[in-house]
Amino acid sequence: MTDTPIENIRNFAIIAHIDHGKSTLADRLIQTTGALSAREMTNQVLDSMDLERERGITIKAQTVRLSYRAKNGQTYELNLMDTPGHVDFAYEVSRSLAACEGSLLVVDASQGVEAQTLANVYQAIEAGHEIVPVLNKVDLPAAEPERVRQQIEDVIGLDASDALMISAKTGLNIEGVLEALVHRLPPPKGDPAAPLKALLVDSWYDPYLGVVILVRVKDGRLKRGQKIRMMSTGAAHLVEQVGVFSPKMIPTEDLGPGEIGFITAAIKTVADCNVGDTLTDDRAPAAEALPGFKPSVPVVWCGLYPVDADDFEKLRDSLGKLRLNDASFHYDPETSAALGFGFRCGFLGLLHLEIIQERLSREFDLDLIATAPSVVYRVHRTNGEVAELHNPADMPDGSVIDHIEEPWIKATIMVPDDYLGAILQLCNDRRGEQVDLTYVGNRAMAVYRLPLNEVVFDFYDRLKSVSRGYASFDYAMDGYAPGELVRISILVNNDPVDALSFIAHRAVAEARGRSICAKLKELIPRQLFKIAIQAAIGGRVIARETLSALSKDVTAKCYGGDISRKRKLLEKQKEGKKRMRQFGKVEIPQSAFLAALKMDA
Amino acid sequence: MEPLALYIHWPFCLAKCPYCDFNSHVRDRIDQARFAAALRRELAWEAARLGRRRLGSIFFGGGTPSLMEPATVAALIDDAVRWFDPVAGMEITLEANPTSVEAERFAGFRAAGVNRVSVGVQSLDPAALGFLGRQHSADQAVAALELARRVFPRVSFDLIYARPGQTEAAWRAELRTALALAADHLSLYQLTIEPGTKFATLAARGEIVLPEGDAAAALYEATAEEAGTFGLAPYEVSNYARPGAESRHNLSYWRYEDYAGIGPGAHGRVTVDGALRATRRHRAPEVWAELVERHGHGTVEETPVVPAEAAREALLMGLRLGEGVDAARFARRTGMALDAALDLAMVEAAVDAGYLVREPGRLAATDAGRLRLDALLAAIVA
């Protein structure tokens, strides 16, 4: 417990689109309040993973306590909650927001409001936040603060007349931001005498401390030595350490209402700590948990296989280590005739999938093949059974299927007017249903319902290409609906390549099949034998490409002095073939798999 | 045992051609006497350990062996005939460039015992000769060929095709002119970019681009067609001859028989005490000569060839030939049954695709198979 009275605590989040300056502003706030010395400052202090820093995205929620002496002479405790900024982590974002009373809405004064900003700001409004609009990068020549201020009012419906004009980069008006936090955000409320209720905001694995849990105390006190209970599972743990982030970890005796901090309690894996759960006192438990808890459920699945079959165990270990720190992804062993031994992995979304893949290759030095991402279908059998399907290879025979349901999303796309036609066309091609279409100046905002499986299939790529990169996109899950879905198998010389099969709507199946056959024809190098590449639904071939045999491949001169070299070359060639996947007489290089299965992000 | 083939390497050239990765060197002055003595000494050393065997052919290669003194050639032939038992009408080939200097020596080479020349014409197109860095003109080439045909019983010459920008029509026309000058043997090579050559540098920079894939295949097929109309059949990937006019010496390589290699950088496959050995001499002419002067030979590597290696070598050479690989001879030579050296499922697929023919006791590549031999080998070799 600090000496700060609850009236002097402010808990806030920063909402911003990628590159609009969230991390820079956070750095600047930390620096201005002196939480870190100049020597300790690195760029983007809060994004501790390399990947986070490089991609400018935050994966884990983090927090830092700032001590600010305001112009009124009082000292305030400002808790900055840095939240994951991507739709894949929408639930995690909502829990982080639930730990705060207000938000800074940071908008790039030249770029304006983007789709992702919208989704997050609506979440903040839903969480009951007081929102302070901040126009960043006002020092840039291209800045149009007035236009963007108007846009905030028009699009979001927020009063932006008091929007702060700042430049996080140059430090312009950072003081104004701090004052606004003190005066425009409400202090937290809470009853220190009530039974303990603390929101589990996030957790991560620390090799020295075990699992560290980030909490926001709502009522009661969280103390060292206290026995706490996770209300969703009933599991009890003894609190070993309590503290706050400065952003360094600083131990304290306890945390009171309104405070954000951490605890450790000899918990072995983050899988035991569900984001959104309520911690209470095991001996004097609260009657009911905090609202809004839901277990995390993977939305997108794909198979991950080591390129080198010998790396299977290494992959298993690496997945285990990643899961220590990220309970939201799931993995189970599976085998593929084409790719051998691997894992079926579930993710919160496409970005999440890509992050895990990239971390596996980067942090664990693994070469991986990922199969086409699949969404989770609900297969209703004729006998009334319903099963979830997340691997196209497991799709039962058509005769036992009554119908299949697929997940839908509600997508918000913001795009300059010039590209709207192309965007609408794209959404219609992807079976989209228009919900809303509004204009803000020369930018259009289209809201569509789309089947998620249309989005996992190169939707981002197309979106970016038809809008020349100007469209921004965000989505939220929007329930299930029946669809006419079929499995498309890819056959190479009549052998099905299980890893390439996918599920699509009947209306687009043929086009999709043709496109993947054509892609494979480009990607598979011509070989000794002619290769037939086919796409089929059940037994019916819907697309076919023929890759003709290579036309010439022979050494012109080969005499007595060339034999040794030629033999070694031949032996090397045989060795190289081991790294190819052999399908009958056909070798498909890894690169072709990777490229054929590559989805964008 | 089949007769021995003897290869003698002369490592010097007037200039290095931009496509050539052979062991050739340009020197201001060459100590002919020293290299002649060293070649003779290494030949004597090799002959001593091989014992008295039948000798099937001698081949003077390079470099540019037509820059040798005819007396050196004569001395080496005399030595070879002294150490071994030559077969009747033994083939003795010398590679010659068609410059006027070298043509003047033709009579001397013939007198020394050379009965076959292989002339490095490379092209009959003046611009192409410049591109290929040749030291002779097209007219000189024609003159040298005419002289060679008067002097030597057997004459072959080389051409290089599939040059950058060469159309099929242009090549057919050039080849027809060449065929009119030909006797009974031609070597027709598709231009290949070899690592470490000047062309490799140019190709890496994108300054030269060779016909590839379908275009290269079309040129190859055109070549066989034109040669065919003159009665020359492709008995090997790049070699065309009237029946009976094949190079006896080169057949030894492709049939994977014993050959001894004398001179800088020369390779050999020789049976010593009943076991097959691969030999290699030092590449640098002066270092090689010093080694010979000190030890009697310039060998830098001599390793046994185990059956699996011998089998791969016999296949990669043998399938270049129209006649293919004889199973009985293969087994005798390599110590491995032909079937054991092959991935039989792939062989069957290749037969189905029309790349291979299997007859009792023989495996051969078809024309289509030879056109893709490198890929075919990688598929069928076990």
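FYI, it's all coordinate maths here, none of it is from the lab. Keep in mind it's a predicted model, so treat the numbers as computed, not measured. Positions of Cβ are generated from backbone atoms using ideal geometry, with glycine treated the same way; all protein chains shown enter the neighbour counts.
Taking only the alpha-carbon positions of the stretch A:176-295 and ignoring solvent, what does the Debye formula give for the base-10 log of I(q)/I(0) at q = 0.17, 0.20 Å⁻¹?
-0.81, -1.08
Taking beta carbons within 10 Å but only from partner chains, what does the mean come to for residues A:439-452?
0
Looking only at trypsin sites (Lys or Arg not before Pro) in DSSP loops with at most 13 other Cβ atoms within 10 Å, what is the longest site-free stretch of chain A? Walk me through the numbers on the way to the answer.
Numbers: sites that count: A:71, A:189, A:248, A:268, A:283, A:468, A:578, A:579, A:598.
Here the longest segment lacking exposed loop sites spans A:284-467.
Which of the trypsin sites (Lys or Arg not before Pro) found in the stretch B:169-218 are in a DSSP loop and have at most 16 neighbouring Cβ atoms, other than their own, within 10 Å? Write out the running numbers ahead of the final one.
Numbers: sites: B:172, B:176, B:198, B:205; in loops: B:205.
Sparse-neighbourhood loop trypsin sites (Lys or Arg not before Pro): B:205.
Quick check: Cα centre of the stretch B:312-382 to Cα centre of the stretch B:32-62, how many Å?
33
Across peptide B:367-373, how many C-beta atoms of other chains are within 10 Å of each residue C-beta, on average?
Mean partner-chain Cβ count within 10 Å for B:367-373: 4.
Tell me which cysteines of chain B come out unpaired when the rule is another cysteine's Cβ under 4.7 Å.
Lacking a cysteine Cβ partner under 4.7 Å: B:13.
If the elastic network links every pair of Cα atoms under 10 Å, which of B:120, B:133, B:268 fluctuates the most in the Gaussian network model of chain B?
Taking springs between Cα atoms under 10 Å, the residue moving most is B:133.
Go ahead and estimate [θ] at 222 nm for chain A from helices alone: -39,500 (n - 2.57) per DSSP H run with n ≥ 4, summed, over the residue count, rounded to 500.
Estimated from H runs of four or more residues: -7500 deg cm²/dmol.
Test of understanding: in a Gaussian network model of chain B with alpha carbons linked when under 10 Å, which of B:194, B:46, B:95 would top the mean-square fluctuation ranking?
B:194
Go ahead and set up a Gaussian network model of chain B, Cα springs under 10 Å, then flag whichever of B:324, B:228, B:62 fluctuates most.
B:228
Separation of the stretch A:259-330 and the stretch A:181-238 by C-alpha centroid, Å?
The two parts, judged by their Cα centres, are 17 Å apart.
Give the separation of the Cα centroids, the stretch A:89-126 to the stretch B:223-280, in Å.
What the calculation gives is 77 Å, centre to centre.
List the relative contact order of chain B as a percent without decimals, with contacts defined as Cα pairs under 8 Å and 6+ residues apart.
So the answer I get is 15 percent.
List the GluC sites (Glu not before Pro) in the stretch B:155-260 that DSSP assigns to loop (not H, G, I, E or B) and whose Cβ has at most 12 other Cβ atoms within 10 Å. Which are they?
Sites meeting the loop and neighbour criteria: B:207, B:212.
Per residue of A:541-552, what is the mean number of Cβ atoms on other protein chains within 10 angstrom of that residue's Cβ?
The per-residue average across the peptide is 4.
In whole angstrom, and with the biggest value first, how far do the Cα coordinates of the stretch B:4-252 range along each principal axis?
Between the extreme Cα coordinates on each principal axis of the stretch B:4-252 lie 51, 41, 32 Å.
Sorted from largest down, what three extents in whole angstroms do the Cα atoms of the protein assembly as shown have along their principal axes?
119, 67, 56
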